[in-house]
Amino acid sequence: MMQISHFIKAFIKNPIGVSTIFPASHALAEAMALGSEIKTRHQVVEIGVGTGALTAAMLKVMGPQHTYTGFEIDKSFYNYLQQTFIKDYHMQVTQLKSFEFRTESAELISKYFETASVDVVVSSLPWSIFEADVQNLILNEIHQIMKPGGVFSFYNYMTSSQFKAFKNFKSEIENRFTTLEPTATVWASFPPATVWVAKK
């Protein structure tokens, strides 16, 4: 209930910046974590952390070899994440090589990493409501920091599949990455969602 209340407050404050008034379901978060090949990778970046549903799912498959950096621009979400993961996930977090959240826009993530140094980027951003220039700017940032063979994973709610903005987003990914494939359809999500994986 705490996650939902935080989403509702953020949605009322900034309805464009929050993709839904509900956090990702456990089923969707687990599908994302499994589809991103995180267990066999090392450096993980999450953009649009929200209240950390995906973060919690990824912690189940991360270990001492992993570094995690989560970016969340909303200050109320960031404060909630700092409190929640220190208190409720302390054991899992301290087992990782490093774990941190940052209050930074996804448009500026490249300043925190060397070029071609990140194995996995996962996203819960509302791509289907972003303008093309915002999509392109963030995708350029992701592509810049990602290693060859790296994984970029995201999801879209099936209600947005035919949106022009989402079709444009897929096209821009195909222009930059070697492959783009849907890996799961999560009917237990509300609304139902498709998980996508692109590889550089």
| request: Output the qualifying pairs, or none if there are none: Cβ atoms under 7 angstrom, residues six or more apart or on different chains, first residue in segment 86-100 and touching a residue at least 60 places away in the same chain (Cβ under 8 Å) and under 14 Å from Glu46 (Cβ atoms), second residue open to solvent by 70 Å² or more (accessible area, probe 1.4 Å) and outside any helix (DSSP H, G or I). | output: none
| Among Val151, Val186, which is the only one that is at pLDDT 95 or above, within 17 Å of Ala29 (Cα to Cα) and buried (at least 19 other Cβ atoms within 10 Å of the Cβ)? | Val151
| remark: Note on segment 122-161: residues of a type in the set (D, E, K, R), in a helix (DSSP H, G or I) and either touching a residue at least 24 places away in the same chain (Cβ under 8 Å) or at positive phi (or both) are Glu141
| said: Cβ-Cβ distance below 7 Å, separation of 6 or more or different chains: which pairs start in segment 47-65 with a residue that is over 16 Å from Met91 (Cβ atoms) and free of Cβ contacts under 8 Å to residues at least 40 places away in the same chain and end on one that is hydrophobic (A, V, I, L, M, F, W, C) and part of a loop (DSSP other than H, G, I, E, B)? | reply: none
| field | Filter result (within 16 Å of Gly50 (Cβ to Cβ) and modelled with pLDDT of 95 or more) within segment 83-102 | value | Phe101, Arg102
| task | Could you grab me the full set of residues in segment 116-148 that are open to solvent by less than 20 Å² (accessible area, probe 1.4 Å) and under 20 Å from Thr185 (Cα atoms)? | result | Val121, Val122, Ser123, Pro126, Trp127
| Selected residue (criterion: farthest from the chain's Cα centre (by Cα)) from residues of segment 52-83 that are within 16 Å of Arg102 (Cβ to Cβ) and among the polar types (S, T, N, Q) | Gln83
| Which of the residues spanning segment 171-196 are over 16 Å from the mean Cα position of the chain (by Cα) and in a helix (DSSP H, G or I)? | Ser171, Glu172, Glu174, Asn175, Arg176
| request: Could you tell me whether Ile109 is under 20 Å from Trp196 (Cα atoms) and under 15 Å from the mean Cα position of the chain (by Cα)? | output: no
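The values are calculated or read from the model by the stated rules, or taken from the named source; none is laboratory data. Bear in mind that the values here come from a model prediction, so they are computed numbers and not experimental data. Note that each Cβ is placed from the backbone with ideal geometry, even for glycine, and that neighbours are counted across all protein chains shown. SASA here: full protein model, heavy atoms, side chains in, ligands and nucleic acids out. Shrake-Rupley method; radii C 1.70, N 1.55, O 1.52, S 1.80 Å.
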